[in-house]
Structures are given as C-alpha cells and as structure tokens.
Amino acid sequence: MGSVYLSSLNAEQKIELRKKLFQIQQGACFICQKAVHPELHADAIDIDHIEPLNSGGRDDQSNFALTHSNCNRSKQDSDLRVARVLKLYDSICEHVAPKDTNLGHVLSQYGGALYDLPIVNNNGSIEISLTDINQNETVTSPLLIDRLSGFRSFHAEIPIAYLHHDDQINPRPIGRQLRGLILEFFRGNPQLHVGLGWLDLPTGENSSRAKIRIFDGQHKIAAQVLLGVKALPIRIFVNPDRDRLLNANTNAGTTLRQIAFDKSVQRRLGGTILLKRIDRFRADNARLTDDWSFSERDLVRHFRGEARAVQRYVLDNIRNSITHHEENRLRDFIEFSGKGKEKPFSYSSIEKTFYSFFINQEMLETAWDFRADTGENKREIEKQQIIRLMNMIADLIYVGSFDTERGTDRIESAVQNGEDIPDDHLCAYRMAKEEILYCWLKYVRSVAQQYFIMQGQPIADDKLFQTLFPEALWSNIKNFIINLRKLPLWKDHEMSITVFGGKANYSFWESIFSTGSSPQGQRVLAEPINLIAMIQS
Ligand SMILES: [Zn+2]
C-alpha cells in the first residue's frame with residue numbers, strides 16, 4: 001500500500017530516511033538480513049512498512065524498513081516480520097537440507113539439539129536440571145500413566161538446546177508448508193497439541209543423561225523456533241515401547257486423521273456451532289424451533305459477548321455451504337488438506353479470492369428467510385451465483401482439461417526439462433495459482449460492475465453477488481473467461497522460467513494484466529487486458 005508519509009518527503013529527506021534506516025538495521029536488508037550495498041544496490045532498495053497499513057501499521061518512521069527491492073517484491077507475506085521468518089526458513093531449505101528439511105535442521109540453525117538432558121526418576125517423580133544452560137535448580141514433574149497402554153510420560157518446558165529430532169519414528173521432512181503455522185503463532189495463538197518426545201532413562205552408575213527425541217509436532221515446533229522461541233512445553237514418554245509408539249504415530253497421521261484439521265473442516269464446524277447458537281437464540285426469545293424471522297444482525301446482537309465469533313460462524317456457514325454444495329463442480333479441483341499435489345486450487349486460495357471478493361461480510365438486517373420463497377433472498381442469491389461462477393470456471397477450464405493424475409507437482413520444472421505437459425493441463429494449472437486467480441477474478445468482478453454501471457445502477461463491491469445477474473451479464477462473464485483462457489501466455493513454455501518461475505505477489509500480476517508487462521518490464525501480453533474487447537464473443 002502506498003505511503004502518504006513517504007510521498008510527502010522531498011529527495012533529500014528520502015536520502016536522510018534511507019541513511020537512518022541503514023544505521024538502525026546495521027546495513028542489512030530487513031527481509032533476507034544480508035548486506036544492502038549503499039552504492040551497488042542504490043537503485044534496487046525499497047522502503048516499506050514493516051506492519052502493513054491495512055493491518056493497523058503506522059505510516060511513520062517507526063514502521064519503515066529498508067529492503068532489497070527483489071526481496072520486497074518476492075516476499076511471502078505483507079508483514080515484513082513474517083516475510084523475514086519465511087525467507088529464513090527458505091534459506092534453510094535451500095542451503096542446509098535441500099530436499100528433506102526436518103526439525104533437526106531448523107534446530108541446528110537456532111542453537112538447538114546441543115545436549116542430553118540430566119534426568120532421574122525419584123520414586124515416581126521426574127527430576128531434571130538444565131545445567132548446560134546455567135539453570136541449576138531441580139525441576140520436578142509427576143510421572144503420568146496412560147491407563148490402557150501403560151505408557152508413562154511427563155510434561156515439562158524444555159529449552160531447544162535439549163531437543164533433538166527423531167528421524168526414525170518421524171522420518172517425514174517438514175516440506176515448505178510452514179507459512180500458515182508461522183502466521184498463526186505470530187498472531188499470538190497458542191499451540192493446541194503439544195509436541196511429543198521420548199527418552200530412555202539413564203541406567204548405570206556413571207550416567208544421568210538422556211536424549212529427548214521429538215517424534216511429533218515438528219511443524220509446530222519448527223514454526224515457533226523460527227519465530228525465536230527458545231523453550232517449549234513437551235510431553236515426553238519415558239522408556240516407551242518404540243514400535244507401538246511408531247504405530248500410534250503413523251495411525252494418527254494417516255488412517256485416524258487425528259492431526260488433519262484443515263480450514264475447510266473448521267468452516268464446517270463453524271456452521272455446526274452456528275446452528276447451536278440459533279437454537280439457543282430461539283429458546284432465549286421464546287421462538288418456535290422453525291422460526292427464521294430474525295436477521296443475522298439480530299443473532300450477533302443477541303450474543304453480544306461473542307459477537308465476532310458468531311459473525312464468523314455465519315460466514316463459515318455460507319462458505320461451507322458453497323464449498324460443499326453438491327452442484328459445485330469446481331469442488332473436485334480443490335485441495336483441502338493444503339499439502340496434496342493433485343489438484344490445482346488450494347482451499348485457502350479459494351477463500352482469499354472467491355469468498356473474500358464475492359461474499360458480503362456485513363451481517364444482514366433482513367430476516368433469514370426474507371423472500372426465500374420468491375428466490376429473492378440475498379444470501380441465497382449470493383450463494384447460487386458464486387456456485388454458478390465456479391461451475392462456469394470448472395466447465396471452461398478444468399473439467400476434462402486438468403489431469404489430477406498428473407497433478408501440480410513440479411509442473412514448471414517439467415516444462416523447463418522439455419517434458420510433454422498438455423496445453424490444457426498447463427493452462428488450467430497456471431490460471432489457478434493464487435496470485436494469478438486473485439487478479440483475474442477481480443476482472444470478473446469488474447465485468448459485473450461495468451454491466452450495472454451501464455444500466456445506470458452502480459453496485460458496491462460487497463453487494464454485487466447479492467444482486468441478481470441478468471443472463472446478458474452471465475454471457476459477458478463467460479466470454480471474458482473464454483477470451484482470457486485463449487491468451488497465449490498460459491501455454492507459453494518460454495515463460496516457465498520467467499513469469500511462472502517463482503512465487504510472485506499480487507501486484508506482479510496486476511501489472512501484467514493492466515499494462516501487458518511485468519514490473520521489470522518484460523512483455524507478457526500483446527496488450528493490456530481490455531474489458532470491452534474481452535467480453536465480446
Ligand atoms: Zn534482501
């Protein structure tokens with residue numbers, strides 16, 4: 001976002017600010033923490049907000065940082081503090097363990113995994129002492145017993161210097177999917193399931209030390225370590241039967257799905273909680289059990305103490321009913337777990353685009369069932385039209401074109417290696433990338449807005465999909481999608497290494513669509529997107 005403060009500075013003041021930030025940051029880029037060279041990088045330095053303005057960051061000197069322009073452009077989060085952590089993790093992935101980064105690699109970069117733990121079992125109480133890091137007091141924890149399995153464990157807060165990765169019970173690498181967890185912990189939310197480790201109590205006269213091996217929770221621990229955490233609560237099994245531990249851990253991650261608890265599941269839960277709140281609202285107000293004559297706002301008002309949560313449940317319910325609607329054909333192309341490589345859309349990108357653009361986040365004042373019988377209920381219209389748009393996209397780009405067998409794994413490298421990737425598949429894959437989808441769905445929104453403006457009835461963004469679209473508008477949208485899909489860039493192999501090579505941010509693609517060129521000036525489209533031309537059949 002632009003800065004009023006920055007644009008108010010004259011050239012001299014800008015240089016002053018740059019010098020000042022250079023000093024504060026001791027000459028290092030805020031994101032990659034490598035040196036910024038005052039002369040060599042002179043025309044490739046950005047000054048940007050650390051905390052973005054739209055999340056409440058201030059537009060003044062205290063909130064500015066100096067970065068390499070390319071670091072800023074390729075940052076993975078708009079909050080520079082998060083972007084820095086993600087960059088650090090990337091560089092561990094690239095330089096320390098290119099294919100299979102695990103918790104051990106992260107720990108080794110942050111002063112972890114150094115010592116075995118001094119520990120004794122004193123009549124059913126575990127005593128530990130952290131002498132290597134100069135904490136000589138004895139910490140006592142009760143030894144707990146799982147009644148059915150007989151497994152024994154204790155809980156303690158353990159500094160990372162005493163944590164080691166167990167690559168036998170947990171041989172899986174972390175992968176690159178840490179962003180969500182890093183954001184979660186950065187926002188101050190707690191770890192719900194504690195990390196699990198095990199050790200064998202020392203035996204014999206000369207030894208009082210045992211190695212704590214972490215076999216579960218490595219993503220959560222790694223995310224927190226990357227954010228600077230130096231000690232974590234851990235549940236530690238004592239002298240466990242390791243085969244059974246391995247089995248239990250494998251079951252948890254696969255058949256039992258104890259761990260998979262992704263966002264779309266949360267939306268579903270939100271919808272369930274909403275129904276419970278509605279029941280309570282009716283009971284509190286002596287209404288009948290099938291009464292729908294109250295509004296979303298009435299409901300939120302009634303639960304004043306948890307207004308925000310109830311508002312979220314209402315929206316969860318809408319998102320959930322669109323996502324899992326039986327007529328939604330795009331659903332087959334959405335990856336819900338966040339880690340799979342079969343389907344082109346991640347659920348999170350669906351939320352950030354379709355749902356954030358087209359679902360009105362404001363609570364309605366009209367009754368829940370207002371004009372439901374005549375097909376004029378706003379939420380119902382909104383839901384049906386979003387599903388219709390998704391189906392249109394599914395039919396025009398995905399069904400019969402995207403091959404889930406081939407999936408999304410390393411598509412661009414395959415193109416670069418000359419492998420034969422069908423055009424339809426490549427096109428479908430590229431158009432689903434979040435930063436690209438984000439930009440072209442905005443054009444779809446513009447097509448609809450333009451239509452209503454031409455009819456002399458402009459409509460606010462958030463109410464757009466609650467307004468019934470005439471068939472003429474649907475055919476404009478359809479033409480737009482058909483024409484967009486015809487653009488040569490989606491199947492261009494040369495562009496694999498350039499525009500489709502790395503992860504770009506939204507503004508990169510905004511530039512391509514609105515000017516025809518990337519921000520670096522590379523020509524990508526023959527001409528900028530012209531809405532009038534694109535809605536012609
Ligand atoms: Zn940098």
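Remarks
- Residue in the stretch 448-461 that is of a type in the set (A, V, I, L, M, F, W, C), out of contact with any Cys (no Cβ under 7 Å at 6 or more places or on another chain), buried (at least 19 other Cβ atoms within 10 Å of the Cβ) and over 30 Å from Asp79 (Cα atoms) present: yes
- Every residue from the stretch 193-252 that is at positive phi and within 24 Å of the chain's Cα centre (by Cα): Gly217, Gly228
- Here no helices (runs of 4 or more DSSP H) wholly within the stretch 31-135 include at least 3 residues being within 21 Å of Leu6 (Cα to Cα) and open to solvent by 60 Å² or more (accessible area, probe 1.4 Å).
- Of all residues in the stretch 174-207, those satisfying the criterion of being among the small types (Gly, Ala, Ser) and either out of contact with any strand residue (DSSP E or B) (no Cβ under 7 Å at 6 or more places or on another chain) or modelled with pLDDT under 90 (or both) are Gly175, Gly180, Gly188, Gly204, Ser207.
- The stretch 352-380, residues that are in a helix (DSSP H, G or I), open to solvent by less than 20 Å² (accessible area, probe 1.4 Å) and touching a residue at least 60 places away in the same chain (Cβ under 8 Å): Thr353, Phe354, Phe357, Phe358
- Tallying residues that are open to solvent by less than 70 Å² (accessible area, probe 1.4 Å) and either free of Cβ contacts under 8 Å to residues at least 40 places away in the same chain or aliphatic (A, V, I, L, M) (or both) within the stretch 390-402 yields 7.
- All positions within the stretch 445-480 that are touching a residue at least 40 places away in the same chain (Cβ under 8 Å) and of a type in the set (S, T, N, Q): Ser446, Gln450, Gln466, Thr467, Ser475, Asn476, Asn479
- Residue check for Arg18: among the basic types (Lys, Arg), in contact with a Leu (Cβ under 8 Å, 6 or more places away or on another chain) and either more than 20 Å from Asn505 (Cβ to Cβ) or not assigned by TED's automatic domain parsing to the domain that holds Lys503 (or both): yes
- Asn483 being without any contact (Cβ under 8 Å) to a residue 60 or more places away in the chain, under 30 Å from Glu376 (Cα atoms) and not in a loop (DSSP other than H, G, I, E, B): no
- Subset of the stretch 514-537 (residues that are surrounded by fewer than 18 Cβ atoms within 10 Å (Cβ to Cβ), in contact (Cβ under 8 Å) with a residue 60 or more places away in the chain and in a helix (DSSP H, G or I)): Leu531
Residues checked against (1) closer than 17 Å to Asn505 by Cβ; (2) within 13 Å of the ligand (Cβ to nearest atom); (3) under 23 Å from the mean Cα position of the chain (by Cα):
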site: Phe30; (1), (2), (3): yes, yes, yes
site: Leu66; (1), (2), (3): no, yes, no
site: Asn72; (1), (2), (3): yes, yes, yes
site: Tyr89; (1), (2), (3): no, no, yes
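- One residue stands out among those in the stretch 39-64 that are within 20 Å of the chain's Cα centre (by Cα) and under 20 Å from Asn505 (Cα atoms): the one that is nearest to the ligand (Cβ to nearest atom), which is Ile50.
- Within the stretch 27-38, residues that are in contact (Cβ under 8 Å) with a residue 40 or more places away in the chain and under 15 Å from Asp79 (Cα atoms) have Cβ atoms under 7 Å from residues that are within 8 Å of the ligand (Cβ to nearest atom) and among the hydrophobic types (A, V, I, L, M, F, W, C) in these pairs: Cys29/Val36; Cys29/Cys71; Ile31/Cys71; Cys32/Cys71, counting only partners at least 6 apart in sequence or on another chain.
The values are calculated or read from the model by the stated rules, or taken from the named source; none is laboratory data. Just so you know, these numbers come straight off a predicted model, no measurement behind them. Cβ sites come from the backbone with ideal geometry, for glycine too, and all protein chains shown count toward neighbours. Ligands, DNA and RNA are excluded from the accessible area calculation, which covers all protein heavy atoms including side chains. Shrake-Rupley method; radii C 1.70, N 1.55, O 1.52, S 1.80 Å.
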